[in-house]
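The block underneath contains the structure these notes are about, expressed in structure tokens.
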Amino acid sequence: MFCKYAPKLFPGIQTLDNFYYTMLEDKGSSLRIQHPDNPPFFAWVENDYYKLTGDKAHITDLLENKRFLQRYWDLFQSLCPELKLQFDHYPMSLRYRGIGYEWNGISSGMDNTPRTRAGKGMLWVDAISQQALSALYISRLAKAVGDRRTEGEFEAKWKALRKTVNEYYWSDSDGCYYDIVPTGEPRADSLSKQAWKTTGILTPASFWPMLAEIPTKAQARRMVDFALQPSKLGGEYPWVTVSRDDPDFNAEDGRYWRGSVWLPTAYMGIKALEKYDFLHAADSTAEKVLNQMLETYRDYDPHTIWECYSPSAAAPSISGNGKRVRPDFCGWSALGPISLFIENVLGFHDIDAAGHVVRWDIHQTCRHGINNLSFGEITTDLLYDPATGLVTVRSNAPYRLILNGRTHRVPAGETLIRP
């Protein structure tokens, strides 16, 4: 996701072909995808890259010629423990149950999450919401390239999943989404609402429905008020991976997914907040996450970014086996110093190459900005100087700059704008 800011320098999006061709083309591969039932993020990633590149030819090829995203959406529905794919992989845990998916901690990415204590037959709120998110973005990408049939098909899938998630996974008493378990003996074939109950175990996974645009504005407001309390997922070190008042929360060092702050789930939750214009909550929690990363970088040797962080201090977390987590973990932790820094600290909340638009919400008081921001064929520098109260913009081509809610037309060359 962070590679999207340098698509011409680092082939981030091209690496998805390793998954598409191995999982979908049935030609055999020397690649080993350990967990084919890992979260289905391809459509989300493709959408975010498209926002920065505006590459309609790639999206047309992806959706209309190869149909990789649609085929993967269907494949995810069919994955189950009995299935053996054409490449070497670990046994899968995913199974579709009509109103959701059975899964496990390893396959979901939240290895030792305490969510599993809820009991047999649990259906995971993140799995169904991630499929809804994929359907949403497949529909939007199809619209961008004029594929009306695919747009309509996947918009309908998203609406159906939205209805299911709101009907089964929403707790009106808490104002939050949770996993669900059978109310009695596990009966995975029962679709009756009365046969299921929410678990009440709060983790960042509860925000996947918000990223998928499933709640109403009122539901989203209730979620923010409830889940981001200091006694829940908020506080000085926000986006802990289980609520601070949960009996399995490990306040001392996080023990991996029992409280640690992980950048993938923090980033997801922050982007979910942005979907509903909770920008103060998004930006303020992003800054807290980055401050924790910076202090840890300064104070711990090696001076680097870590796999995950303590829920109670500026320090690396401890894994489930009692050892310090892995250093030099760019794999996802670079979402902090690259993506969260650009988007939430500097305030570049939206960049749209196809529409030639940059949205910059200035909320810092210091001199700040960005050089060589590239989207599509446009490269621009933007700098805010509080001493003059002006924004200096340099660009190689025209575009629209939405600056603190006001639209300015930026020509090629240099422009001075007063916010």
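The values are calculated or read from the model by the stated rules, or taken from the named source; none is laboratory data. Please read all numbers here as calculations on a predicted model, not as lab measurements. Note that we place each Cβ from the backbone using ideal geometry, even for glycine, and neighbour counts take in every protein chain shown.
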- Is there any pair linking a residue in segment 30-56 that is under 20 Å from VAL145 (Cα atoms) and assigned by TED's automatic domain parsing to the domain that holds ALA205 to one that is among the hydroxyl-bearing types (Ser, Thr, Tyr) and outside any helix (DSSP H, G or I), with Cβ under 8 Å and at least six apart or on different chains, and which? LEU52/SER374
- Collect the residues in segment 311-337 that are at pLDDT below 95, within 14 Å of ARG258 (Cα to Cα) and not in a strand (DSSP E or B), keeping them in residue-number order. SER319, GLY320, ASN321, GLY322
- Note on the structure: Per the filter on segment 189-208, residues surrounded by fewer than 17 Cβ atoms within 10 Å (Cβ to Cβ) and part of a loop (DSSP other than H, G, I, E, B) are ASP189, LEU191, SER192, GLY200
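So that you can scan it fast, the table gives a plain yes or no per residue for (1) without any contact (Cβ under 8 Å) to a residue 24 or more places away in the chain; (2) assigned by TED's automatic domain parsing to the domain that holds ALA118; (3) of a type in the set (S, T, N, Q); (4) not in a loop (DSSP other than H, G, I, E, B):
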residue	(1), (2), (3), (4)
THR164	no, yes, yes, yes
VAL181	no, yes, no, yes
GLY184	yes, yes, no, no
MET210	no, yes, no, yes
ILE214	no, yes, no, no
ALA218	yes, yes, no, yes
MET223	no, yes, no, yes
ASP245	yes, no, no, no
- Message: All but one of (1) among the aromatic types (Phe, Trp, Tyr); (2) in contact (Cβ under 8 Å) with a residue 60 or more places away in the chain; (3) out of contact with any helix residue (DSSP H, G or I) (no Cβ under 7 Å at 6 or more places or on another chain) hold for TYR297; state the number of the condition that does not hold.
- Response: (2)
- Item | Members of segment 88-131 that are of a type in the set (Asp, Glu) and in contact (Cβ under 8 Å) with a residue 60 or more places away in the chain | GLU102, ASP111, ASP126
- For segment 299-310, state whether one or more residues are part of a helix (DSSP H, G or I) and modelled with pLDDT of 95 or more. yes
- Query: Do we have any residue at all in segment 121-129 that's assigned to a helix (DSSP H, G or I), assigned by TED's automatic domain parsing to the domain that holds ASN47, among the aromatic types (Phe, Trp, Tyr) and under 22 Å from ASP74 (Cα atoms)?
  - Reply: no
- Give the residue, chosen from ALA43, ALA118, ALA6, that is among the aliphatic types (A, V, I, L, M), closer than 27 Å to ALA266 by Cβ and surrounded by fewer than 15 Cβ atoms within 10 Å (Cβ to Cβ). ALA6
